[in-house]
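Notes follow the structure.
The values are calculated or read from the model by the stated rules, or taken from the named source; none is laboratory data. Note that the structure is predicted; figures quoted are calculated from it, not measured. A quick note on method: Cβ atoms are made from the backbone with ideal geometry, for glycine too, and the neighbour counts reach across all protein chains shown.
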Amino acid sequence: MTSAESICYTLIYSPSVTDSEPSNEMQIKKDIEHGDIRTKTEALKRVILMTLNGEKLQGLLMTIIKYLLPSADHTVKKLLLIFWEIWPKTDAQGKLRPEMILVCDAYRKDLQHPNEFIRGSTLRFLCKLRQPELIEPLMPAIRSCLDHRHSYVRRNAVLAIYTIYKKFDQLIPDAPELIHEFLEGEKDASCKRNAFMMLIHADQERALDYLSTCIDQVNSFNDILQLVIVELVYKVCHTNPGERARFIRCIYNLLQSSSQAVRYEAAGTLVTLSNAPTAIRAAAQCYIDLIVKEADNNVKLIVLDRLIGLKEHPQHEKVLQELVMDILRALASPDLEVRRKTLDLALDLVTSRNVEDLVKFLEKEVVKSSNVQGHDITDKYRQMLVQTMHSCAVKFPDTAASIIPVLMEFLGDSEELAAEDVLVFVREAVHRYQNHKPLILEKLLEVFPSIRTIKIMRGVLWILGEYCEDTSLILRFVTEIRKSVGELPMVENELKIAAGEAEEAKDEEGKGDKPSARRVTEMGTYVTQSAFSVASKSTKDKSGKTIKRPPLRQFFMDGKFSLACSLSTALTKQALRFLDSCRDTRKQNSFIAQCMLILSSVLHLGRSGLPEKPISDDQIDRVGSCLMVLSERHTVMGDIFTSKCRSALAFLLETRAAEESVQRKAAEKNRSALNAIQPDDPINFVQLLAKAEAGSLEDQFELSLSAAVGTLDQKKEARDPAASKLNKVTQLTGFSDPVYAEAYVHINQYDIVLDVLVVNQTSDTLQNCTLELATLGDLKLVEKPSPLTLGPHDFANIKASVKVASTENGLIFGNIVYDIAGAASDRNCVVLNDIHIDIMDYIQAANCSDAEFRKMWAEFEWENKVAVNTNICSLIEYLQHILNCTNMKCLTPEKALGGDSGFLAANLFAKSIFGESALANLSVEKPAGKGPDDPVSGHIRIRAKSQGMALSLGDKITQTQKKSKK
Amino acid sequence: MVLLAAAVCSKNGRALISRQFVEMTRSRIEGLLAAFPKLMNTGKQHTFVETESVRYVYQPLEKMYMVLITTKNSNILEDLETLRLFSRVIPEYCRVIDEADIQEHAFELIFAFDEVVALGYRESVNLAQIRTFTEMDSHEEKVFNAVRETQVQDAKMKMRQRAKEIKQKQRDTMRGGRMGGSAMGYGSSNASRMGEVITQSIAPEPTKPKSVPSRSSGKAMKLGAKSKDVDQFVDKLISEGENVRSTGSLKSKKMDIAKTSVPAALTESVHIRIEEKLNITAGRDGGLQQMIMQAMCWLRIADDQYGCIFIKVDNNDDKGCQFQTHPKVDKKAFLSSGIIGLKDPDKPFPLKQDVGILKWGLKTMDESLMPLAINCWPNDNGEGGCDVNIEYELQLEELELIDVCISIPVPSGVGAPNIADLDGDFKHDSRKNILEWTLPVIDASNNTGSMEFSIAGSPDDFFPINVSFHSTKKSFTDIQITGVEMAQGRSPVKYSSESALLVEKYEIV
């Protein structure tokens, strides 16, 4: 057994010890033999550290037994305990070393030591001992410790007996009785807990017996004892569901325990005990209470997870639905993560019955949060609230009426985050809910003058342009626009203002008026004075004074002419609609003329050089084309403007809804598949199941423990040993070499075990046959394999383990060195083939949101650009191929990949088991002007945080991107 | 709740020390610790990370992280508590928390970590306790050492003395020729004495198997409103089809077993059981119609070496009971000196069976001897209903009655009674038409109590009232076993005893 696979209780990082040369073994020996207590202690510490780092100091064993074991010093005694923990107690054949008998005797004495702490820590050490031969002579001493006066000794004695009974029950077959008796006479809470814990694991019957004697006092117990009682109840009910009824009352009592930990545990157990709504409600309420009362975010998040878990069960969900409003109390926490989880949960649970309350609550929260402005977190929180309300409105269209007005207030918000979401919502609402349309438009027109961000302005312009259909509304819209644009034509007006400014500047010098008073006289043209004086961006003119302009004009003066495009489209649409709705040619003409005036004056302004940046050519084209449409009034164009836009939106919303419903259905299907029992499913009878088969009934605690300790994987592997093993055999030397070697590369999660078979092909005895390994990349050899002697045509297995720290293509190389017995020649050497470690074993497909992807894309430092060089001719096929050979997941939805466009772009994502993310972007096209049988071309860009990851993933792609012809 | 490991990591992700509390392989723990820095999220407001198999809970400590690795369904509240303790332990040993300092104090920290967690479970300890545990300053050891020192001194003194004596003797022999006799072996006697001291100091205290005072009913510990809460909860569960067994029934089942055969663990080889049964009929207007008490004392001997014994009985009866011994028991000895033994002191009692050795009884009309007097006053309130006042009074205050249940019949089909005032607890069983007034314990501290309720019906509807209770603390007749002795030699014998007062029938008609 290599040290990597042995049980390990202590790890200490100590660079100084590993660096120093091993020759100081003599020094240590001297220190231990002749030094005073202090140097002895130091020397012992060094020995421990060196042993932990894989040094083998076999020569020191007798020295330590001789000089340190009899020491009375407490520190030495305790250090020795650690020393024996890590010291190999058996020889290579797995036999106990004879020296250990001496050690054993020393421990018998320590178990009778007058110092209770020495007794206690010795007992604790015995918990870790795995040699029954060593424990056997100690049994009487251990038993007597159970009656010691000090609780410290007693409680450790209980633990020692527990572990000994668990491992070697023949040594103390009466342990359960013993402990049961002990438990009944015990007063100390800690001892009681340990004893009770022992009974739970060793003899549930007795534990139950004891519990029934004190089931009524449970509430008065210490919290750690209560915790194990809950564990017992869980375990008993798990193995024997018939017992459930006995404990519901007890668990309910514990649900009101003063210790939060107990309450949490009890709630979890109560859910497993009963499916009755009352029980679930009690548990859920307890959880909610914990979330609200416990200040720690960790608790909040984990308990929320438990609630979410509870929701999975359809019966439980109903109970939780009634508690939605309580759950929302968790929003009081300032942590975004908690709030997001809470809102998601609430949204999942909300039903038509309580959606009203939910919306009201959210509204209140929104108002509350808008009072605290300018904080990054509150902005994000507000965004979340808006998104939640949006989803509410989608789920329950009836609530839209009450949600819309609240949300519309946000459009005037200076923060984009929330306002953008509102806009998306409004767009959807105005499209879907015909009956709310007038209300929405009305509101939009109202807030229009107060909009301060360009993105929002564009969105609002689009919506208004698209959906104002009555003549009156159209007229109102245009008036709003005119107000917002300011006095026309703009260029003259601006010039005038500039000139006026200059004059007034002169006046000012003469009069010496206060600037604030004058500011009023300078304004004149705009309407939304109050909103502006607070928020509109003010530019400095030459004389250094601020000029207030109406919003749209302000945007234009700042050079943001992208707005001009939206404005022109909106106006054109409106004009075309006006033509449809109003039959009076004079009015038609005057309306169109008005629109054209606005647009042309915008164009003029753009070219005049007054704004900070002139209008771009594209934008001129766009406005110009709109002007043309207006002047020509062509029906084809009219059709595009009036109806095609809307149908495009409709299509977008439809596909999105369809996608969502597909997802939802898939999720539901999953759920129902989980819950549904097929008619031909086997029925498990608990009584008839063998222990090993009871997979589904396995105790959650045990399960999670074995998963955590890592034994679960091994079990699974044991089932199909041969299948995978044979694929991974690497030949290390040639068949005609004097030593033949091959290795089976076993890749665990964090380490690689090389199982090397070494065969002596000569008829000589090979002495000191050593496998020397070295690594390249982020690999570390844990320990050197020890040398061995091979007889003629003999073979041996050598195990070596290598630790992997990150995802990188690693290389292990080395040689085998040996002496031929009797020959005078130098050491012989056989060089081994390199072993390549494939990173694909470490990469797993993972998922992340678009936003996260973009964020990481911007953050990651290493980019590897790989040119596509393949023989694959189809874009989709190429993508599939890359996905298959890199284990990555395609984030771009399938819909977006469809179509026959001749190019394809997709985002890929994966995570290594070490938690590193790898991003890739695939951009490929069918080269233009070539036949369908030509290969695709393009680039793949890989980004990762570490260089190794980006490089090795790139290598992998380069290697595999050509598809092997079948 | 299982804590796998506690570790201290530096900010750049190196695990400085780690102590595991469950068995796990080195490669596994190293892998877990190596993965931690990559998983750790900065900028979030929570400090835990979950992977597929484990959960990390951590806390920054200056330049370090204190990390706990737990199972996924470990109790987070408990883990945080542990984490807090761990991170308070570290500054106790390291002045500046940096890499060098942690390395220097690695062993102290590991010792301290060991005290916090046992086999993955948190111990309830505080910082001060951890200090004492790791300092290992034991008073007993000091005493032991002092004793040993004086012994060594003594021995030396003696040695010198003996040496002198020997020299003297040698001189004598020299002078007086061969006198013979040597003085060897004092050293060995000395050593054996020292060994004796050691064994004495660790001699186990005799732990008497304490029979757990068996509180009988599940309701015994529940108080006021809370118990009502629980009951409501349970009732609701039952109404939802969940099968809830009350702890009371569980216990009473236990009691039944206890009556027939006491668990072997609780009894000594000599076990004496006293059982008193009450049969009371009282009138509704007060006054005792008849009260019959029958009592029996049983003896059970499990070990044949205790066959011939005497039992000493302290008879404080002041109620005028009629005593009757088993024919084979020496009656005179009992009446004169309160000793129960066989007439033939050499003959043993029968083994391994319950033998009735003493019987007594009481038949009386004396109201003052009733353990519990019940007074029930139904009043017609003129609206077709009754206001019922019912009160109890514990007349023999030395008794402690457990699980008192007063069942009052109520008219059927008129709904639940309206309880106005109540000591204790009540339950309305609409199927049996009984209102149960239950009191977990009645003793001198609550020797009177009352209940008031109103319900439709006539005053006659509320009778007969049934009362049940039992008591194990004190016997009704106040007879006590004071000791058991061997017939020969009068040496005391270990025995166990129990007494029970049961109600066979207690009716108010």
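Some values worked out for this structure:
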| read-out | value |
| --- | --- |
| Filter result for B:L109 (in the same structural domain as B:A128 (by TED's automatic domain parsing) and surrounded by fewer than 23 Cβ atoms within 10 Å (Cβ to Cβ)) | no |
| So A:V218, is it surrounded by fewer than 23 Cβ atoms within 10 Å (Cβ to Cβ) and in contact with a Leu (Cβ under 8 Å, 6 or more places away or on another chain) | yes |
| Selection from the range B:71-104 of residues that are of a type in the set (S, T, N, Q) and either over 18 Å from B:S124 (Cα atoms) or under 33 Å from the mean Cα position of the chain (by Cα) (or both) | B:T71, B:N73, B:S74, B:N75, B:T82, B:Q103 |
| Flag if B:L83 is in contact (Cβ under 8 Å) with a residue 60 or more places away in the chain and not basic (K, R) | no |
| Residues that are touching a residue at least 40 places away in the same chain (Cβ under 8 Å) and among the hydroxyl-bearing types (S, T, Y), drawn from the range A:750-785 | A:Y750, A:T762, A:T765, A:T770 |
| Some residue of the range B:27-34 being of a type in the set (S, T, Y) and either more than 8 Å from chain A (Cβ to nearest Cβ) or under 39 Å from the mean Cα position of the chain (by Cα) (or both) | no |
| Residues being aromatic (F, W, Y) and buried (at least 21 other Cβ atoms within 10 Å of the Cβ) - total across the range A:428-456 | 1 |
| Criterion violated by A:V924 - all others in (1) more than 24 Å from A:D751 (Cα to Cα); (2) modelled with pLDDT under 85 satisfied | (2) |
| Residue match in the range A:95-105 (condition: assigned to a helix (DSSP H, G or I) and within 14 Å of another protein chain (Cβ to nearest Cβ)) | no |
| Which numbered condition B:H46 fails, given (1) at pLDDT 80 or above; (2) within 24 Å of A:S259 (Cβ to Cβ) | (1) |
| Residue satisfying condition, being on the phi < 0 side of the Ramachandran plot and either within 42 Å of the chain's Cα centre (by Cα) or surrounded by 13 or more Cβ atoms within 10 Å (Cβ to Cβ) (or both), within set B:Q151, B:Q161 | B:Q151 |
| Residue check for B:Q129: part of a helix (DSSP H, G or I), more than 21 Å from A:C127 (Cβ to Cβ) and of a type in the set (S, T, N, Q) | no |
| Some residue of the range B:102-110 being away from chain A (no Cβ under 14 Å), of a type outside the set (D, E) and assigned to a helix (DSSP H, G or I) | no |
| Residues within the range A:256-280 that are more than 9 Å from chain B (Cβ to nearest Cβ) and part of a loop (DSSP other than H, G, I, E, B), tallied | 2 |
| Strands (runs of 3 or more DSSP E) wholly inside the range B:435-509 containing at least 1 residues that are touching a Ser or Thr at 6+ places or on another chain (Cβ under 8 Å) and crowded, with 19+ Cβ neighbours inside 10 Å | B:465-471, B:479-486, B:496-508 |
| Single residue of the range A:161-210 satisfying the filter (of a type in the set (S, T, Y) and within 11 Å of chain B (Cβ to nearest Cβ)) that is surrounded by the most Cβ atoms within 10 Å (Cβ to Cβ) | A:Y162 |
| Selection from the range A:328-337 of residues that are under 23 Å from the mean Cα position of the chain (by Cα) and more than 12 Å from chain B (Cβ to nearest Cβ) | A:A330, A:L331 |
| Exclusive hit being part of a helix (DSSP H, G or I), crowded, with 19+ Cβ neighbours inside 10 Å and either more than 10 Å from chain B (Cβ to nearest Cβ) or free of Cβ contacts under 8 Å to residues at least 40 places away in the same chain (or both), set A:L123, A:L81, A:L134, A:L129 | A:L123 |
| Residue within the range A:862-872 that is in contact with a Lys or Arg (Cβ under 9 Å, 6 or more places away or on another chain), more than 14 Å from chain B (Cβ to nearest Cβ), of a type in the set (A, V, I, L, M, F, W, C) and in a loop (DSSP other than H, G, I, E, B) present | yes |
| Condition broken by B:K474, with the remaining ones in (1) within 25 Å of B:Q294 (Cα to Cα); (2) at pLDDT 80 or above satisfied | (2) |
| Subset of the range B:27-44 that is of a type outside the set (A, V, I, L, M, F, W, C) and within 24 Å of B:V89 (Cβ to Cβ) - its residue that is surrounded by the most Cβ atoms within 10 Å (Cβ to Cβ) | B:E30 |
| Residues within the range B:65-81 that are modelled with pLDDT of 85 or more and either farther than 19 Å from A:K293 by Cα or not assigned by TED's automatic domain parsing to the domain that holds B:L109 (or both), tallied | 7 |
| Looking only at the range A:281-323, and only at residues there that are more than 11 Å from chain B (Cβ to nearest Cβ) and not in a helix (DSSP H, G or I), the one that is surrounded by the most Cβ atoms within 10 Å (Cβ to Cβ) | A:L323 |
| Residue in the range B:45-76 that is farthest from the other protein chains (Cβ to nearest Cβ), counting only those that are under 22 Å from B:P91 (Cβ atoms) and assigned to a loop (DSSP other than H, G, I, E, B) | B:E62 |
| Flag if A:R244 is at the interface with chain B (Cβ under 8 Å from one of its Cβ atoms) and out of contact with any Phe, Trp or Tyr (no Cβ under 7 Å at 6 or more places or on another chain) | yes |
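A quick yes/no check of all residues on (1) out of contact with any helix residue (DSSP H, G or I) (no Cβ under 6 Å at 6 or more places or on another chain); (2) more than 11 Å from chain A (Cβ to nearest Cβ):
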{"residue": "B:V116", "(1), (2)": "no, yes"}
{"residue": "B:S124", "(1), (2)": "no, no"}
{"residue": "B:T134", "(1), (2)": "no, no"}
{"residue": "B:V152", "(1), (2)": "yes, yes"}
